[in-house]
1. Taking strands (runs of 3 or more DSSP E) that fall entirely within region 152-257, which contain at least 1 residues that are polar (S, T, N, Q)?
2. Please go through (1) in contact with a helix residue (DSSP H, G or I) (Cβ under 6 Å, 6 or more places away or on another chain); (2) modelled with pLDDT of 80 or more for Ala80 and return the number of the only condition it doesn't satisfy.
3. Scan Gln200, Gln235 and give me the residue that is closer than 30 Å to Asp132 by Cβ and without any contact (Cβ under 8 Å) to a residue 60 or more places away in the chain.
4. Looking at region 162-181 only, could you name the residues that are of a type in the set (Val, Ile, Thr) and within 42 Å of the chain's Cα centre (by Cα)?
5. Being open to solvent by 80 Å² or more (accessible area, probe 1.4 Å), within 22 Å of Gln279 (Cα to Cα) and not basic (Lys, Arg) is the filter here, so list the residues in region 145-198 that pass it.
6. Among the residues of region 249-262 satisfying the criterion of being in contact with a strand residue (DSSP E or B) (Cβ under 9 Å, 6 or more places away or on another chain) and open to solvent by less than 40 Å² (accessible area, probe 1.4 Å), which is farthest from Thr180 (Cα to Cα)?
7. Being within 22 Å of Asp233 (Cβ to Cβ) and part of a strand (DSSP E or B) is the filter here, so list the residues in region 258-300 that pass it.
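The values are calculated or read from the model by the stated rules, or taken from the named source; none is laboratory data. In this text the structure is predicted, and so the values were computed from the model without any measurement. Cβ: placed from backbone, ideal geometry, glycine included. Neighbour counts: every protein chain shown. These accessible areas exclude ligands, DNA and RNA; they are computed on the full protein's heavy atoms, side chains included. Shrake-Rupley method; radii C 1.70, N 1.55, O 1.52, S 1.80 Å.
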Amino acid sequence: MSDEDSPQGPQDSQDRPRSPEDRPRGPGGRPGGFPGPLPEEKPLQAPREGASGATPAVRARQAGRQRLIAALWPPRVTRAQLVVALLLFVLGLGLAIQVRSNSDNSPLRGARQEDLVRILDELDNRTQRLEDEKQRLQGQRTELESSSDQAEEARKQTSEKARQLGILAGTVAAQGPGITLVVNDPHKTVQADMLLDTIQELRAAGAEAIQVNGVRVVGDTYFSDAGGGIKVDTQKISAPYTFKVIGKPADLEPALNIPGGVVQTLEKEQATAVVTPAQKIVVDALRPAKQPDYARSSAQ
């Protein structure tokens, strides 16, 4: 029996599934009639940053970084900015040098606790002296206001004031407690400004009468260097320099011995200074009273 005579032949040939070998092939051997071999399949990869296939967000972030770098480097400095920066540098350098100089040259830098306590005591003593002077003047005013014989009280206070002014002016002798300061200068290194600093320190400590080598020191006294010695006003003196000072010894002696004070300064110049307190110092060098040429008392 032929395929055509078989009742199920053509139907079986159509319905029976075909194997890959039975399917039609194209010229390249690909099933289904497609030409050429099948392409090799590759796994998908995520796009890398910086690649041409980067996402828009990545490209925007990269562009922002590039603009920031371009704005910061290389730096663009104008002349005005350069001048301002230079002035600020010079100002800062000057301030730093000034602060360091003040810190290094401070006489109290590295001072001992005992020295600091002594300096504070001296300041307290000066404050107390000023307070005492204030009370004394207030007492005089009270006496003048309450005295029954104000004219006699005024004359008495005027006489006392004249005596005090005579001591300050150097026209009368004075005596009282105080100190003696002897400065030896074997190497001739002591100069006039050092003796002047000594006078200023003594006055600040409450000295009321001073004489140096027989010369009375008053308000208009000056010191100057001279060949082989020092001049006080117009009189030449030489070492050793002897200061006779009337005042409170407990105030005068510490004032000369404070750190960075007169004694230390003279010792740095290879000179020696010896301070001796005493209960009686006589200042008998006198200065002639000068009649003012133009000044007159306001009471005349």
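1. Qualifying strands (runs of 3 or more DSSP E): 174-184, 209-212, 223-226, 235-237, 241-246.
2. Going through (1) in contact with a helix residue (DSSP H, G or I) (Cβ under 6 Å, 6 or more places away or on another chain); (2) modelled with pLDDT of 80 or more one by one, Ala80 breaks only (1).
3. Gln200
4. Ile179, Thr180
5. Leu168, Gln175
6. Val262
7. Ile281, Val282, Val283
Yes/no matrix, rows are residues, columns are (1) at pLDDT below 80; (2) over 30 Å from Gly260 (Cα atoms); (3) part of a helix (DSSP H, G or I):
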{"site": "Val58", "(1), (2), (3)": "yes, yes, yes"}
{"site": "Phe89", "(1), (2), (3)": "no, yes, yes"}
{"site": "Gly94", "(1), (2), (3)": "no, no, yes"}
{"site": "Val99", "(1), (2), (3)": "yes, no, yes"}
{"site": "Pro107", "(1), (2), (3)": "yes, no, no"}
{"site": "Gly110", "(1), (2), (3)": "yes, no, no"}
{"site": "Leu116", "(1), (2), (3)": "yes, no, yes"}
{"site": "Asp124", "(1), (2), (3)": "no, no, yes"}
